[in-house]
Amino acid sequence: MAQSSTENLAAFVAVAELSSFSGAAVRLQVSPSAVSQSIRTLEQRLGVALLNRTTRSVSLTEAGARYLERIAGPLRELNAAAEELGAEADHPSGLLRLNVPRAAYMTVLRPMLSRFLAAYPDIDLELVIENGLVDIIARGFDAGIRFGDLVERDMVAVPVGPPLSAHVIASPDYVAMRGAPKCPRDLLEHDCIAFPAATSGQIERWVFARGEERLELAIRGRLIVNDSSAMAQAALDGVGVGYMANGFIERFIEDGRLVRLLTDWSLPLPGLTLYYPSRRRAPRKLRALIDFMRADRHPAAPRIDAVFG
C-alpha cells in the first residue's frame with residue numbers, strides 16, 4: 001500500500017471516528033485542508049461518497065460505514081507495526097540469527113556472549129553452528145561469520161576476533177610416543193588429523209611459511225573431522241597431530257595438555273569476518289552486536305576445560 005493511500009485512509013478513519021474534519025486534523029497533526037484533500041482523493045479513487053457533509057455535521061454514508069468496518073482494523077495493525085519498527089530502530093530488540101563455524105563461536109562469540117546478552121536484554125540470539133558455506137539470505141540469517149577469504153564480495157564485511165595463525169598441535173603423550181617433527185615434511189610420517197575444505201570437501205593441505213619459504217603438504221591420517229572442536233579434542237586424546245587456528249586452544253597449551261609444534265613455520269591466516277547483505281541496511285540488533293564486538297576488550301575469556309564441555 002502506498003504511503004499516500006495510507007495517509008488518506010488514516011484521514012478517513014479519523015474523520016469518521018471524530019465526526020469532525022478539524023478534530024481529525026488535530027489528531028493527525030495536519031491542516032484541515034489537508035484532511036479534506038485526503039478524503040476527496042480517497043473518494044475519487046473509490047468512485048463513491050464516503051461522508052455526508054453539511055455546514056454543521058459530518059456523517060458516514062452507507063458505503064462509508066461498510067468501508068470503515070473493513071479497513072479500521074487492518075489500518076490499526078499497520079500503525080502498530082510501524083510503531084514497533086520505530087521502537088526497534090531506537091532500541092535493539094528481537095531475534096538475531098547468526099550462522100557461524102565452530103571456530104568463530106569458540107574464538108569470537110563465546111568469550112563475549114554472556115556480556116552481550118546482559119547488555120541487550122531484549123535481543124534473543126540464535127546461533128547455527130556449521131562449517132560449510134551457506135546462503136544466509138535464503139536461510140533467513142541476519143549475518144554470518146567466516147574466514148575473510150571465503151566471504152563474497154557483494155557482502156558487507158566487518159573484521160572480528162583476534163589475529164589468527166596456523167598452529168600444529170599434539171598431546172604430550174603422542175609426542176613422547178612418536179617424537180616431535182623437526183620440519184614440516186616430517187609430518188608425512190605422522191598420524192595427522194585431516195579437515196575437509198568448506199568449499200570443495202577436499203582434504204585441506206597444510207600450509208607452512210618461514211621467511212621466504214612456503215610449503216604445502218598433502219598430509220595423511222586415519223581420522224577426518226569437519227569440526228574444529230572435534231580436531232582439538234582428538235589431539236587432546238592423543239589420536240594424532242592437528243592443524244588449526246589459534247583462538248581457543250591456548251588454554252590447553254598453557255595447561256600442558258597440548259604441545260605446539262613447528263612454531264617457526266606458523267602461517268598467518270585470514271581473520272574472521274562478520275558479513276551481511278550489502279543491499280539491505282543492517283537492523284539495529286545486528287548493529288548492536290557489531291558495535292559491542294568492536295568495543296569489547298574483556299581480557300578474560302571463559303575457561304575451557306574440555307572442548308565439548
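Taken together, the values in this text are just the output of simple stated rules run on the coordinates, not laboratory data. Please read all numbers here as calculations on a predicted model, not as lab measurements. Cβ placement follows ideal geometry from the backbone for every residue including glycine, while neighbour counts extend to all protein chains displayed.
Between residue 19 and residue 126, the distance separating the two model label sites (each 7 Å from Cα on the Cα→Cβ line) works out to 4.9 nm. Sorting 241, 134, 108 by the number of Cβ atoms found within 10 Å of their own Cβ, with the fewest placed first, yields 134, 108, 241. Expressed in Å, the radius of gyration and Dmax of the Cα atoms of the stretch 207-290 are 17.5, 48.
Dipole orientation for the chain: of the candidates 49, 277, 161, 49 has the Cα lying most toward the positive pole (charges on Cβ; Lys, Arg +1; Asp, Glu -1). Once the other residues with Cβ under 15 Å from the Cβ of residue 180 are scored (Lys, Arg +1; Asp, Glu -1), what is the net sum? That works out to -1.
Under a model in which nothing but the beta-carbon of Lys, Arg (+1) and Asp, Glu (-1) is charged, the stretch 39-175 shows a dipole of about 580 debye around its Cα centre. A helix-only calculation puts the chain at -11000 deg cm²/dmol for mean residue ellipticity at 222 nm, using -39500 (n - 2.57) for each DSSP H run of at least four residues, averaged over all residues. Out of all DSSP beta bridges with both ends in the chain, state the antiparallel percent to the nearest 5. If we restrict to bridges inside the chain, about 70 percent are antiparallel. Looking at the chain, the pairs of alpha carbons with a distance over 26 Å make up 61% of the total. Springs join every pair of Cα atoms under 10 Å in this Gaussian network model of the chain, and among 191, 154, 142 the largest mean-square fluctuation is at 154.
Placing +1 on each Lys and Arg Cβ and -1 on each Asp and Glu Cβ, with no other charges, gives the chain a dipole about its Cα centre of roughly 640 debye. Its Cα gyration tensor gives the stretch 164-269 an equivalent ellipsoid, and the semi-axes of that ellipsoid, as √(5λ) in whole Å with the largest first, are 18, 16, 14. Helix 284-295 axis versus longest C-alpha principal axis of the chain: approximately 40°, rounded to the nearest ten.
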